[in-house]
Amino acid sequence: MSLLERTRQIVPTPSTDRPPRLLLAAAGYGAVGAVALALLLVLPVMAAWFADAHSTTSWSDALSIAADGWTLAHRAPLGVPDDGASVVAPPLLLTAAAVLLARLAATSVLVQLTRRTSGLWFRVALAYVAGYALTGVVLALVGWTGPARPNPLLVVPGAVVVAVLGVLWALWRDDRRGDGIASARPARWVRERPAVLVRALRPALVGTGVLLALGLALVLLAVVTSWSRVTQINGELDAGIIGGTILTGGQLFAAPNFAAYAATWLSGASLHLGAVTVGHASVTPGILPLVPVLGALPEAGAAPWWAPLAPLAPVAVGAFVGWYTLRGLAALASWRSKVQTAVVAATLAGVGVVAVAYAGSMGVAGSRLDYVGPSVLAIPLLIGELVVGALVSTTTLHLWRTRR
């Protein structure tokens, strides 16, 4: 063996193989994942600020709007100094973008793990989450340069949730690609879950998507049929270019919130908007803020004639989930196995929609609009209707196929 070969064997491993530097790099990537969303928000806000020649808003206030949007996307309250109110209004489409960016940054961390450092994956993940959360605190402090007052400490829980979801998504993709360096141990834990849960996961996700699509279709139908009121409210606001950009963007980014609200309303449970309750028999009167999309709500009084028939929609979706579940099972599988898988899938679909609805619930503390979101009754009603539909379709299809 030559001297050069001996020297190569004792050369230190790359810096990324050293635990301290690897953890520091993970924290740095966490910061990058957090800042990426803020940068995406800065672009439209600053473009609107440059386009509005008559705006009295300073550039620092315009810049702070991006930090405020980041805060809201992570479900942290935003203080309003003038009246002491505290606003919680997470636009879930923006939250989904935050999770996607967190996953991209976490993937960049995981690819640095080697066979020698794969056992450090948990500490690397913790460092990544810590970097993301600490950057969120800094962004909340940046928001203090403007008129709003984000709470830096209350940013941490939402930031941790988003960062953890990004890491889990990155680990899942790492396992699916077959690399398995970072995800070997977590994948082993996942594979130990019950088989019925594995078989029910895809139908559950499809059912959740179908329910949210129905909710979004209902919202769009309401907006179209009430377009005159929506445009009237928008005209009365006269928000200007910057205000109009924020208002329009906020409503678009909150589309998943509205879709989830409508999906839970289809179950037969009421929808609460502060003092206003949108039920299936009547709509209670109340004062709502001048938000254009709220003009699509039915006027106070009797609900539409078809409202009592709305719970049939989740039952139909449950039947679809049952049919979709049977597609992935063997034709000779027992009735018990089919029903068990379909019921689990329907339950998970209901839980998914309710989770999205409650994650997207809003409110202004200390005002008449203290809570905007679904009723608690939506949980048992929606899950129960989905399960009934899945039971009926699974049993019917099983009997039909076995008696042919």
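The residue pairs whose first member lies in segment 21-39 and is farther than 15 Å from L104 by Cα and assigned by TED's automatic domain parsing to the domain that holds V160, whose second member is polar (S, T, N, Q) and surrounded by fewer than 21 Cβ atoms within 10 Å (Cβ to Cβ), and whose beta carbons are closer than 6 Å, counting only pairs six or more residues apart or on different chains, are R21/S15; L22/T16.
For R327, the requirement of being under 29 Å from the mean Cα position of the chain (by Cα), over 30 Å from V161 (Cα atoms) and surrounded by fewer than 21 Cβ atoms within 10 Å (Cβ to Cβ) is met.
Surrounded by fewer than 19 Cβ atoms within 10 Å (Cβ to Cβ), within 20 Å of V317 (Cα to Cα) and of a type in the set (A, V, I, L, M, F, W, C): which single residue out of L247, L252, L197 fits that description? When all the criteria are applied, what remains is L197.
Scanning segment 196-212 for residues that are under 19 Å from R336 (Cβ atoms) and free of Cβ contacts under 8 Å to residues at least 24 places away in the same chain returns a single hit, V198.
The values are calculated or read from the model by the stated rules, or taken from the named source; none is laboratory data. Quick caveat: nothing in here was measured; it's all calculated off a predicted structure. No Cβ is skipped: glycine too gets one built from the backbone with ideal geometry, and neighbour counts run over all protein chains shown.
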